[in-house]
1. Within segment 120-132, count every residue that is more than 19 Å from HIS13 (Cα to Cα) and touching a residue at least 60 places away in the same chain (Cβ under 8 Å).
2. Of these, GLU125, GLU140, GLU156, which one is within 18 Å of ASP38 (Cα to Cα), surrounded by 12 or more Cβ atoms within 10 Å (Cβ to Cβ), at pLDDT below 90 and not small (Gly, Ala, Ser)?
3. Return the residues of segment 3-54 that are modelled with pLDDT of 65 or more and among the basic types (Lys, Arg); say none if nothing qualifies.
4. Looking at segment 104-112, is at least one residue without any contact (Cβ under 8 Å) to a residue 12 or more places away in the chain, assigned to a strand (DSSP E or B) and not hydroxyl-bearing (Ser, Thr, Tyr)?
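The values are calculated or read from the model by the stated rules, or taken from the named source; none is laboratory data. Computed from a predicted model, the values in this text were never measured in an experiment. Cβ: placed from backbone, ideal geometry, glycine included. Neighbour counts: every protein chain shown.
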Amino acid sequence: MRFVPRDDELLVHLYNKVTCMLKIPQQFNVIIDAKVYDTEPWKLRRDTSYKLENEVYYFSVAKRKSRQERNNILERTAGNGYWHMNGQNIPIKYNGEVFGHKTALKYYHYDKNKKKVQTKWLMNEYRLKALSDDFQKATELVLCRIQRTRTGGDVEEEFAYNYKNQSSDFYNIADHQSNIARSSSRSS
């Protein structure tokens, strides 16, 4: 099955999830319910009914930093790191009106020395305008598109976790080991 939605189509999926208008049978589940902001991206489940090489879609509940009026900033800590906003919220129109926003985020991980390391993980976070403008709610349902890119730093904890769990959906561990061998031979 092929799943390549446009931004406005993703917002429609999110709207249907929020309003409970559409029940999707498990065999056609292309967007997973997960707690994206509770853990590192490499620990999230990836068992969907479609297979894309490097991206997965999630519905997740996000907490607001505060419920003060005019503050729609979300708490984006995740595991031993955080999702950092790259750029601005991009308005997404549906039928000529702004229906929601898309935000690009990059995952930064804290290493053993509490130094932040930019990783290879990117996320596009989709939010409905009606929900993000409701300042009284402490949480908000969002849709996340997470992918692993080729640029960014390697996080040793990620490789240890994936090796232990035999999970290599996003990359090949053997490639990583050969890269380590090459980089150590250059420094010698």
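1. At the first step, the residues of segment 120-132 found to be more than 19 Å from HIS13 (Cα to Cα) are 120-122.
With touching a residue at least 60 places away in the same chain (Cβ under 8 Å) added as a condition, the list becomes 121.
Adding up the residues that qualify gives 1.
2. Exactly one residue qualifies, and that residue is GLU140.
3. ARG6, LYS17, LYS35, LYS43, ARG45, ARG46
4. Narrowing segment 104-112 to residues without any contact (Cβ under 8 Å) to a residue 12 or more places away in the chain: 112.
Filter again for assigned to a strand (DSSP E or B), leaving none.
Looking through segment 104-112, none of the residues is without any contact (Cβ under 8 Å) to a residue 12 or more places away in the chain, assigned to a strand (DSSP E or B) and not hydroxyl-bearing (Ser, Thr, Tyr).
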